[in-house]
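Participant: Below you will find the structure I want to go over with you.
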Amino acid sequence: DDASRIRVARKELAALPLMIDDTAGRTPGEIVRQVRAIKRAKGVDFVMIDHLNLMRADADDARHGGTWATERASAAIMELAKECNVPVLLLAQLNRGVEGREDKRPALSDLRQAGAIEQDASAVGFVYRAEYYLGGEPERKEGETDDKFAARKDDWDRRKFETAGKAEVIWGKVRDGEPGTDPFLFDGPTASFKEPE
């Protein structure tokens with residue numbers, strides 16, 4: 001049954017006007033040239049790049065260091081979006097600062113080399129799942145009383161129930177609007193998101 005569904009899905013995917021290039025270590029210049037060529041040949045409606053921090057710096061930019069290279073890459077992608085009049089979804093990594101805070105909700109300052117991204121992007125959104133940060137079921141700490149452990153376990157159970165299958169997109173920047181948060185539902189087995197009904 002699965003094999004049959006996979007065959008059907010492959011046919012559906014093959015019929016879609018979708019191009020995936022998984023060549024590793026592309027430079028921003030190479031990506032821009034490729035999108036321009038595809039735009040001329042077939043047209044382009046949407047570009048997604050996964051991700052900014054995995055792009056290899058152009059030779060001239062690499063000599064100036066990581067922050068400079070990120071700024072130049074961000075600017076090149078922004079120019080591509082304008083030139084080709086196409087939306088670009090550019091994924092980027094967070095720095096480790098969010099891990100050290102009690103409130104794990106990401107903010108613009110958590111982006112690696114955040115300045116250029118914040119300046120160039122029309123919108124910046126962060127996917128956040130509180131459930132992810134709860135970890136496994138708590139274990140009793142050494143010397144912890146029954147009452148304290150029970151209270152901590154009850155709190156974990158409550159938070160696990162409240163956050164199960166829930167996600168948020170936190171809009172840290174919206175050029176033509178207001179920052180805010182949109183709720184989503186998350187399905188772990190398929191790693192997919194959908195809007196609540």
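The values are calculated or read from the model by the stated rules, or taken from the named source; none is laboratory data. The structure displayed is predicted, hence computed values, not measured ones. Cβ atoms come from the backbone with ideal geometry, glycine included; neighbour counts cover every protein chain shown. Just so you know, the surface numbers come from the protein's heavy atoms only, side chains and all, with ligands and any DNA or RNA stripped out. Shrake-Rupley method; radii C 1.70, N 1.55, O 1.52, S 1.80 Å.
Participant: Please verify whether the stretch 67-75 includes one or more residues that are buried (at least 18 other Cβ atoms within 10 Å of the Cβ) and among the charged types (D, E, K, R).
Facilitator: Yes, the stretch 67-75 contains a residue that is buried (at least 18 other Cβ atoms within 10 Å of the Cβ) and among the charged types (D, E, K, R).
Participant: Further, regarding this structure: State the number of residues belonging to the stretch 1-40 that are part of a helix (DSSP H, G or I), under 27 Å from Glu79 (Cβ atoms) and open to solvent by less than 100 Å² (accessible area, probe 1.4 Å).
Facilitator: Residues flagged as part of a helix (DSSP H, G or I), under 27 Å from Glu79 (Cβ atoms) and open to solvent by less than 100 Å² (accessible area, probe 1.4 Å) within the stretch 1-40 amount to 11.
Participant: Within the stretch 89-97, can one find any residue that is closer than 30 Å to Tyr133 by Cα, surrounded by fewer than 11 Cβ atoms within 10 Å (Cβ to Cβ) and under 22 Å from the mean Cα position of the chain (by Cα)?
Facilitator: Within the stretch 89-97, one or more residues are closer than 30 Å to Tyr133 by Cα, surrounded by fewer than 11 Cβ atoms within 10 Å (Cβ to Cβ) and under 22 Å from the mean Cα position of the chain (by Cα).
Participant: Right, something else. Kindly indicate which of Thr163, Thr145, Thr181 is farther than 25 Å from Gly125 by Cα and among the hydroxyl-bearing types (Ser, Thr, Tyr).
Facilitator: Exactly one of Thr163, Thr145, Thr181 is farther than 25 Å from Gly125 by Cα and among the hydroxyl-bearing types (Ser, Thr, Tyr), namely Thr145.
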